[in-house]
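Please treat every number below as a calculation from the coordinates, not as lab data. In this text, all values refer to a predicted model and were calculated from it rather than measured experimentally. Every residue, glycine among them, receives a Cβ derived from its backbone with ideal geometry; neighbour counts consider all protein chains shown.
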Amino acid sequence: MFTEEDLHKLRETVRGLQTGSGNPRAVAIIDRLLDAVYPVIREMQITPAEWDAAVRFLGETDPVMMRAVAWCLGLSQIVEESNSRIGPQATQACIEGPFHRPGAPELPLDAPLHQVDDGAELLFIEGRVLDTSGHAVADAQLDVWYANGKGNYSFFDPGQPEHNCRGKLRSGADGSYRVFGSLPSAYHMDVGPMGTVLGVMGHQVWRPAHLHFILTAPGYEPLTTQLYIAGDPHLRDDPAVGVKDGLILPLQRQDGPEALRARGVDRPYHTGRFDFRLQSAV
Ligand code: MBD
Ligand code: FE
């Protein structure tokens, strides 16, 4: 028997090991975490096999994927949202996800972000980068990345060119930008440790189709966000818990011969408008 009193004694013994030479911030936080976790381990009667599996899971998990695990459980969102400097007039931020790559090519507006034809339909988004009063933000950088038509991200998927579906664009003098790319597919998270956690929790594994953006401009808070394609069946049960209503982008599909000719493309495409509003830096 390991009683509640035994638990309490163990807790005090461990607390008593503090010499005061530790990192005070870490000590304060870990103290609170231990207070919360001790009773769970005892009351749930966690078995040695379960404990061993949990410790091994944490130790063996690839760090890139571990970031996604933390989003799946909502933990990182608490940190991000409670430290956010983005006000209610600005475009909402959203989780970065594990698949950003630095060093994506700088592309002129209207250049395709996709480097290979994987059969996906096409996408044209246009809009403006604005400040919270509606004035243009010229020369803002939009770093864009998204999953290809098979739902995979380049670099992490060896079957694609390194920077496929990635690029850095710049807003014009009037703040206008245009994204031209292939239509992103939904991404399934039942891979590696994300899949393990979603599987044991019984959460569905599909992220709704989305595009990632990091917007930067001198004098403004950087904005890391995502746009979600309206009508996706998983807007309400995103396993990474990223969707916000203000980030859902309605698209119009065009497939008539006239429409294709007007854009000079050979297949159906989707158009949408979205204005980004950046928060001034303090
Ligand atoms: C993704 O594509 C993503 O955006 C997040 C947040 C987690 C896993 C995969
Ligand atoms: Fe993503």
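Partner lysines whose Cα lies under 27 Å from the Cα of Lys168, excluding those fewer than 8 positions away in the same chain, are identified as Lys150, Lys244.
In whole Å, what three semi-axes, largest first, describe the equivalent ellipsoid of segment 168-210 built from its Cα gyration tensor (square root of 5 times each eigenvalue)? Walk me through the numbers before you get to the answer.
On the way: eigenvalues 254, 20, 14 Å².
Equivalent ellipsoid of segment 168-210: 36, 10, 8 Å, largest first.
For the charge dipole of segment 1-107, defined by +1 on Lys and Arg C-beta atoms and -1 on Asp and Glu C-beta atoms about the Cα centroid, which residue among Ile86, Met66, Met1 has the Cα displaced farthest towards the positive pole? Working it through, the farthest residue towards the positive pole turns out to be Ile86.
So for segment 176-282, Kirkwood radius off the Cα pairs, Stokes-Einstein at 25 °C and 0.890 mPa s: how many µm² s⁻¹?
On the way: Rh = 16.2 Å.
Estimated diffusion coefficient is 152 µm²/s.
Taking one quarter of the surface of the C-alpha convex hull of segment 156-229 gives a mean projected area of 7.1 nm². When each of the peptides 175-182, 34-41, 248-255, 208-215 is scored by how many other beta carbons lie within 10 Å of its residues on average, the order from highest to lowest is 208-215, 175-182, 248-255, 34-41.
Using only the Cα atoms of the chain, what semi-axes does the equivalent ellipsoid have when each is the square root of 5 times a gyration tensor eigenvalue? Give whole Å, largest first. Working shown, then result.
Working: eigenvalues 371, 107, 49 Å².
Rounded to whole Å, the semi-axes are 43, 23, 16.
Taking other Cβ atoms within 10 Å as a rough exposure proxy, Cys94, Cys165, Cys72 sort from fewest to most as Cys72, Cys94, Cys165. Annotation: for a label point projected 7 angstrom from Cα along Cα→Cβ of Asp237, residues of segment 196-212 with backbone N closer than 12 Å are 202-207.
Could you please state, rounded to a whole Å, how far the C-alpha centre of segment 25-62 is from the C-alpha centre of segment 66-111? Distance between centres, Cα-based: 28 Å. Charge dipole (Cα centre; +1 on Lys/Arg Cβ, -1 on Asp/Glu Cβ; no other charges) of the chain amounts to roughly 440 debye. Note on the chain: antiparallel DSSP beta bridges, both residues inside, total approximately 70 percent of the bridges counted.
Computed over the Cα atoms of segment 3-70, pair by distinct pair, the Kirkwood hydrodynamic radius stands at 14.2 angstrom.
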